[in-house]
Amino acid sequence: MREAVLKLDVAGHREAAGAVSRVAPPRLGVEELVYEVGGRRLIDGATVTLAPDTRTVVMGPNGSGKSLLMRLVTGLIQPTAGRISWDGAPLDEAMRKRQALVFQRPVLLRRSVAENLDFVLRLRGRAEPARRDALLAEVGLEGHARQPARLLSGGEQQRLALARALATEPAVLVLDEPTANLDPASTHLIEEIVGRAHDRGTKVIWVTHDIGQARRLADDIVFLSAGRIATHAPAAMFFARPATEAARAYLEGRIHIGQ
C-alpha cells in the first residue's frame, strides 16, 4: 500500500494530506428511528450504536433502507420519529461540519480537477495550493490537476469526490456504495485511500452490497432488512454465524441484491 502523502503545515508539523481528525471521532447513537413517506415506513424503529473507531459496513438488499439510514444520520433528511445522537448530543451544525459524504455517482463542478478541490478548501478557509496538491497526490490525480473534472474516467471522478471529502478533514466519512460502478482496479484504489483515512483516525461508515468487499473492509456489520436493523455484529461473527434468517439468506444468495 502506498504511504500516505505528508506535508508541512504552517506550524512546521507533519500532517497527513487526507482526513485528519483533530478531535476523536464521535459515537453514533440511533434510537427507535422512523422515516415514513405517504404512510409507509421505510425505516422502522432502527436502533443501533456505532463505536467511533471502527470501519462499519452497512449491508442489505436493495430497498432495505441503507441509503435512507445514511441520509438520516447525517441530517440530509429528517426522521419522522426517533433520536439520532453523536456522543450523546443531537446532530447540530458543528457536527455536520465534521462529516463528509461520498455517493455512488459523484457530482462535480464544471471546472478543472484542481478548481474542484480549491472550492472546498476555500469554504474551509484553507485555500492553500500545497494542500490541494497533496490531496491530489493522495488520491493519485496529481497529473490531472488542469484537466476538466468531467473528462475524468468514472474511477478518477470518484477519487476526486473522495479527495474533496478528505479536504474537509472529517471525523466521520460516510460512503454510499462508492465503488458500485467501478472496475476492480479502481475499487482497490478507493479502498486503499479510505483505509489510510481510517488509519489516521477517521470513523468510516461504508454502504455496500458487495459481500467480498464487506469481508475485506468491515470491523462490524449493520445488516438491514425491510427498513429494520436485523443484525449488528462484529464482522467475523456476522459472516461465520449470521444471527438472523434474513442475514443467512442474504449471504447464501437466497435474497437477491435487487429484491
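The values are calculated or read from the model by the stated rules, or taken from the named source; none is laboratory data. Not measured: the values here are computed from a predicted model. Glycine gets a Cβ as well: all are built from the backbone with ideal geometry, and neighbour counts include every protein chain shown. Calculation scope for accessible area: heavy atoms of the full protein, side chains included, ligands and nucleic acids excluded. Shrake-Rupley method; radii C 1.70, N 1.55, O 1.52, S 1.80 Å.
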message: For ARG248, only one of the following conditions fails: (1) touching a Pro at 6+ places or on another chain (Cβ under 6 Å); (2) closer than 23 Å to LEU166 by Cβ. What is its number?
response: (2)
- line: Taking segment 205-259 and keeping only residues that are part of a loop (DSSP other than H, G, I, E, B), open to solvent by 30 Å² or more (accessible area, probe 1.4 Å), modelled with pLDDT of 90 or more and under 17 Å from PRO178 (Cα atoms), one is left with HIS209, ASP210
- request: Could you grab me the full set of residues in segment 142-178 that are open to solvent by 30 Å² or more (accessible area, probe 1.4 Å), touching a helix residue (DSSP H, G or I) at 6+ places or on another chain (Cβ under 6 Å) and part of a helix (DSSP H, G or I)?
  value: GLU142, HIS144, ARG164
- line: Looking across segment 42-57 at residues that are open to solvent by 50 Å² or more (accessible area, probe 1.4 Å) and at pLDDT 95 or above, the single one that is farthest from LYS203 (Cα to Cα) is THR47
